[in-house]
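We did not get these values from a lab; they are worked out from the coordinates using the rules stated. Computed from a prediction, not measured in an experiment: that's the story for all the values here. We place every Cβ from the backbone using ideal geometry, glycine too, and count neighbours over all the protein chains shown.
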Amino acid sequence: MNNARHAIHRGSTTVEFALILMFYLTFLLGVLDMARLLWTWNAASEATRWGARTAVVCNRNAAAVLARMQTFLPQLTEANVQVDWYDGAGSVSASCTFADCQGVKVRIQNLNYQWLAPLGFSSIPPLAMPGFSTYLPREIMGQDPGSASICSS
């Protein structure tokens, strides 16, 4: 009789542990996923800053801007990134050069965050992140011989 009670007690402890572990792991994965969301948010903000910096120092080269931004967020594509150069009148210009461009605005749009941890044991649809943008006034746009390290990537 004693062995039977001991076996039942041991079995119930295992079931209780499994139930508690399931909730604990769900909570832990949720916390880790939230931390990953905040990291992605910060990386998107930094990517726009570095993209704008590349755009104002280098010649007009949207591919170099995107490549620099992808060092922070590899999932960025041309569809997510928009680079606008502004002329002296403050209008978006498709043809301004280093001599007459006055600034650049780099934006990330339509970026979705995919959750990894299941919440409530069901998959969560991707979270649409807000748009991120940075505007910087023109600097040297490729005219500084020391800017090759920034413009080469």
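Taking θ = phi - 60°, what integer Hz values does the Karplus form 6.51 cos²θ - 1.76 cosθ + 1.60 yield along region 69-81, in sequence order, with x for Gly and Pro?
5, 5, 5, 8, 10, x, 7, 5, 10, 4, 6, 8, 10
Quick one: order Leu29, Leu76 by neighbouring beta-carbon count within 10 Å, fewest to most.
Listed from fewest to most nearby Cβ atoms, that is Leu29, Leu76.
Quick one: order Ser93, Ser123 by neighbouring beta-carbon count within 10 Å, fewest to most.
Ser123, Ser93
What is the distance, in nm, between label points placed 7 Å from the Cα along the Cα-to-Cβ direction at Thr26 and at Leu116?
2.0
Return the FRET efficiency for the residue pair Gln82, Leu38: r is the Cβ-Cβ distance, R0 is 25 Å, and the value is rounded to the nearest 0.05.
Once rounded, the FRET efficiency stands at 0.55.
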